[in-house]
1. How tilted is helix 35-52 with respect to the longest principal axis of the chain? Cα atoms for both, answer in degrees (0 to 90, nearest 10).
2. As a test of the formula, what do you get for the chain when each DSSP H run with n ≥ 4 contributes -39,500 (n - 2.57) and the sum is divided by the residue count, at 222 nm and rounded to the nearest 500 deg cm²/dmol?
3. Can you work out the Karplus-derived ³J(HN,Hα) for every residue in the stretch 13-28? Use 6.51 cos²θ - 1.76 cosθ + 1.60 with θ = phi - 60°, whole Hz, and x for glycine or proline.
4. To make sure I understand the rule: partners must be lysines, Cα under 30 Å from the Cα of residue 55, and not fewer than 8 residues away in the same chain. Which ones qualify?
5. Taking the chain as a Gaussian network, Cα atoms linked when under 10 Å apart, which of 33, 58, 41 shows the biggest mean-square fluctuation?
6. Please report, in debye to the nearest 20, how large the charge dipole of the stretch 17-76 is about its Cα centre when each Lys and Arg carries +1 at its beta carbon and each Asp and Glu carries -1 there.
7. Which three lengths, in whole Å and largest first, does the chain cover when its Cα atoms are put on their principal axes?
8. With the dipole of the chain worked out from charges on the C-beta (+1 for Lys and Arg, -1 for Asp and Glu) around the Cα centre, which of 20, 6, 58 lies farthest toward the positive end?
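Bear in mind these aren't lab numbers, they're just calculated from the coordinates by the rules spelled out. Computed from a predicted model, the values in this text were never measured in an experiment. Every residue, glycine among them, receives a Cβ derived from its backbone with ideal geometry; neighbour counts consider all protein chains shown.
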Amino acid sequence: MPLTLTQVEKQAFMLSQDQQLQLVQDIMSKQVLSKAEEAWLDKAERRAQEIDNGKATLIDSKTAFTTLRANLKSKH
């Protein structure tokens, strides 16, 4: 008889954090993604690389929303 989800979860939580991460990555890599999901994933990976490589300029959320509000007001 196959394991229940609860049994699998109990077993997974007994793994080390690195092993849990590897398990999640293995499961996610086997998922079938739509073309839109693939495009979003590609974009997210490119953005992460830009951040890691120092090519992206990051701003805090307060600054982002203040700028966004100002831009929206100027268009009305």
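1. For helix 35-52, the angle is close to 70 degrees.
2. Numbers: 4 runs with 54 residues, N = 76.
Computed mean residue ellipticity for the chain: -22500 deg cm²/dmol.
3. Once rounded to whole Hz, the list reads 6, 7, 6, 5, 4, 4, 5, 4, 4, 4, 4, 4, 4, 5, 5, 5.
4. Counting by Cα, and skipping residues close in sequence, residue 55 has these lysines nearby: 35, 43, 73, 75.
5. It is 58.
6. Numbers: 10 positive and 9 negative charges, 124 e Å.
With Lys and Arg at +1 and Asp and Glu at -1, about 600 debye.
7. 64, 28, 25
8. Among 20, 6, 58, the one farthest towards the positive end of the dipole of the chain is 58.
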